[in-house]
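For reference, the structure is listed below as structure tokens.
The values are calculated or read from the model by the stated rules, or taken from the named source; none is laboratory data. Note that the structure is a prediction, hence the values are computed from the model and not measured. Backbone-built Cβ (ideal geometry, glycine too); neighbour counts: all protein chains shown.
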């Protein structure tokens, strides 16, 4: 499956959607959720938290393993997807839509351009 071309990606399997209003939405890729298996728990960051690029900001846990989710950009967490508290498996069924993890206001919006394109992700870490 090709990754959505309107998103940017990290080599640690996070995706980033530019919301067009100075914010981004972040989740984990199809590749990541497949590797993890069915999610049973998601620990998400609190609104107002400042994060550094590369910092572990969330944890997703499956029946196989727990995995850190890293901040693809530095910035401030605006909101977490609270519906995942009761339905973490949404990340498995809809990783690029309803299974998003949190929104962020990037400290440097231009940094988004430095992330991987879908083609680069699919040819590299997402292969």
Condition test on residue 109, is it surrounded by fewer than 20 Cβ atoms within 10 Å (Cβ to Cβ), closer than 18 Å to residue 24 by Cβ and in contact (Cβ under 8 Å) with a residue 12 or more places away in the chain?
-> yes
Among the residues of segment 6-22, how many are touching a helix residue (DSSP H, G or I) at 6+ places or on another chain (Cβ under 9 Å) and either in a loop (DSSP other than H, G, I, E, B) or farther than 17 Å from residue 95 by Cβ (or both)?
-> 8
Can you name the number of the only condition in (1) modelled with pLDDT of 95 or more; (2) over 14 Å from the mean Cα position of the chain (by Cα); (3) under 25 Å from residue 122 (Cα atoms) that residue 29 fails?
-> (2)
Restricting segment 80-106 to residues that are in a loop (DSSP other than H, G, I, E, B) and farther than 14 Å from residue 17 by Cβ, which is farthest from the chain's Cα centre (by Cα)?
-> 86
Out of 37, 54, 48, 20, report the one residue that is more than 11 Å from the chain's Cα centre (by Cα) and free of Cβ contacts under 8 Å to residues at least 12 places away in the same chain.
-> 20
Which one is farthest from the chain's Cα centre (by Cα) among residues in segment 4-15 that are within 17 Å of residue 98 (Cβ to Cβ) and surrounded by 14 or more Cβ atoms within 10 Å (Cβ to Cβ)?
-> 4
